[in-house]
Amino acid sequence: MRLSKRAMSLQPSATLAIAAKAKKLRAEGVDVIDFGVGEPDFATPPHIVEAAVKALSGGDTHYTPVGGSPAMKKAIIAYMKREYGLDYSAAEVFASCGAKHTLYNIFMSIVDPGDEVIIPAPFWVSYPEQVALAEGVPVIAPSTAAEDFLMSAASLEKAITPRTKALILNSPSNPTGGMYDKKRLGELAEVIGGKNIIIVCDDIYHKLVYDGRECPSILNVAPALRDRAVVVNGVSKSYAMTGWRIGFAAGPAELIGALDKMQGQATSNPTSFAQAGAIEALSGDQKCIEEMRAIFDRRRRLIVAGLNAIPKVSCALPPGAFYAFPTVSGYFGAKTASGAVIKDSMDLASFLLEEAKIAVVPGEPFGAPENIRLSYATSEESIAEGVKRMAASLAALSR
Ligand code: PMP
Ligand code: GLU
């Protein structure tokens, strides 16, 4: 069969690939500790499940409007007001089958062949691939560990060309957990201010921030950018609802209309009764977020302390999300007991899976080859045991 060039050049999702590998090993009886996939390990809170069950048994099993039921849109509007202090109308909000799908709809709706989309590195693995699927050109704006892996105004300025169509801002970030504060957002807004560039804010982790912080939006710092910015969010991470597949967007009506057309020819509406669950998540008791966040916070401290206690590994305490992103390049060039050389983070991740039986994601597909990503959305016991295994297997490497 001759597949399309598009299908053949597309890279599989590295995060999902690691998750699948860890699952397979587990099914084979191998005791793998999974720091791979970024997915809360909690069950969806019962009040949310009940709302969906009630919708399902009440006959909510039909098509809804493509971008979500009127109640779904109302819940998104109320959420945007409560969490961001921003006003949107029904024509300016939109629900899809997960934030990943929302982002896909956005790139398909704004990118023409050759248009450039600036992606600050390190980045979530799906951004460059989605931009490429839309025949756009991903332009990577680098940052360093010393800059907390946050894009500077200078790095943004350097990445802008006459072909720049959009900028992706992901705060808190996957894979680093880093967050842009108001000062940095102000500096970025100043660079982008007079330019005709769309800002895609991926805020999927915006409720997962620690130490009493709040995650600011560039729209709170520079409200004038509202006609050129689209906020993407969803219920997967904050409410432990990854399998439900509900994400959403808030932005200018013209863009939302394009998403509607795009989705109307692809999937139609997101699942009707999953919308009912998402409405309850966004509008119901928010205590569940606090509870999950407190647990994530303990795990965050535990994993970062454990990683920093390993020689030649350094890891900043991330302010948000549920990822630790240590620098591990001190082990590049080291040899395993069988004489194989660990050349890069891909080799190191394979070594850790085979030797220590821990699944981590190498930094390469995130555009940060000196690092690895560990998701700490797993129990404290697993974190303690996983870090112990990692330390022991790295200590056995030789020069
Ligand atoms: N954006 C980022 C940065 C993510 O890490 C994820 C992870 N799944 C998504 C978007 C998509 O989330 P979902 O499709 O589950 O809503
Ligand atoms: N976003 C999560 C991760 O980075 C889930 C997997 C995915 O959708 O990429 O692990």
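The values are calculated or read from the model by the stated rules, or taken from the named source; none is laboratory data. Quick caveat: nothing in here was measured; it's all calculated off a predicted structure. Positions of Cβ are generated from backbone atoms using ideal geometry, with glycine treated the same way; all protein chains shown enter the neighbour counts. In case anyone asks, the SASA skips ligands and DNA or RNA and just uses the protein heavy atoms, side chains included. Shrake-Rupley method; radii C 1.70, N 1.55, O 1.52, S 1.80 Å.
One residue stands out among those in region 190-207 that are away from ligand 1 (no atom under 16 Å from the Cβ) and aliphatic (A, V, I, L, M): the one that is nearest to Val230 (Cα to Cα), which is Ile198.
Among the residues of region 68-78, which ones are within 18 Å of Ala229 (Cβ to Cβ) and either within 16 Å of ligand 2 (Cβ to nearest atom) or crowded, with 20+ Cβ neighbours inside 10 Å (or both)? Give the derivation first.
First, pick out the residues of region 68-78 that are within 18 Å of Ala229 (Cβ to Cβ): 76-77.
Once the filter is applied, which keeps residues that are within 18 Å of Ala229 (Cβ to Cβ) and either within 16 Å of ligand 2 (Cβ to nearest atom) or crowded, with 20+ Cβ neighbours inside 10 Å (or both), region 68-78 yields only Ile76.
Would you confirm whether or not region 108-119 contains a residue that is assigned to a helix (DSSP H, G or I), within 16 Å of the chain's Cα centre (by Cα) and under 19 Å from Leu150 (Cβ atoms)? No: zero hits.
Among the candidates Pro252, Pro270, the residue that is touching a strand residue (DSSP E or B) at 6+ places or on another chain (Cβ under 8 Å) and either buried (at least 24 other Cβ atoms within 10 Å of the Cβ) or of a type in the set (Asp, Glu) (or both) is uniquely Pro270. Residues in region 142-160 that are part of a loop (DSSP other than H, G, I, E, B) and of a type in the set (Asp, Glu): Asp148 alone.
Return yes or no: is Val139 of a type in the set (A, V, I, L, M, F, W, C), away from ligand 1 (no atom under 16 Å from the Cβ) and not in a loop (DSSP other than H, G, I, E, B)? Spell out how you get there, then give the answer.
Values: of a type in the set (A, V, I, L, M, F, W, C): yes; away from ligand 1 (no atom under 16 Å from the Cβ): yes; not in a loop (DSSP other than H, G, I, E, B): yes.
Against the criterion (of a type in the set (A, V, I, L, M, F, W, C), away from ligand 1 (no atom under 16 Å from the Cβ) and not in a loop (DSSP other than H, G, I, E, B)), Val139 qualifies.
Only residues that are more than 23 Å from Glu39 (Cα to Cα) and either assigned to a helix (DSSP H, G or I) or more than 16 Å from ligand 1 (Cβ to nearest atom) (or both) were counted in region 89-105, giving 4.
One line per residue, one yes/no per condition, for (1) outside any strand (DSSP E or B); (2) without any contact (Cβ under 8 Å) to a residue 24 or more places away in the chain; (3) closer than 15 Å to Ile118 by Cα; (4) open to solvent by 20 Å² or more (accessible area, probe 1.4 Å):
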| site | (1), (2), (3), (4) |
| --- | --- |
| Asn174 | yes, no, no, no |
| Tyr180 | yes, no, no, no |
| Lys183 | yes, yes, no, yes |
| Ile199 | no, no, yes, no |
| Ile204 | yes, no, no, no |
| Gly212 | yes, yes, no, yes |
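Could you tell me which of the residues Tyr88, Tyr63 is farther than 30 Å from Lys21 by Cβ, touching a residue at least 40 places away in the same chain (Cβ under 8 Å) and surrounded by fewer than 16 Cβ atoms within 10 Å (Cβ to Cβ)? So the residue among Tyr88, Tyr63 that is farther than 30 Å from Lys21 by Cβ, touching a residue at least 40 places away in the same chain (Cβ under 8 Å) and surrounded by fewer than 16 Cβ atoms within 10 Å (Cβ to Cβ) is Tyr63.
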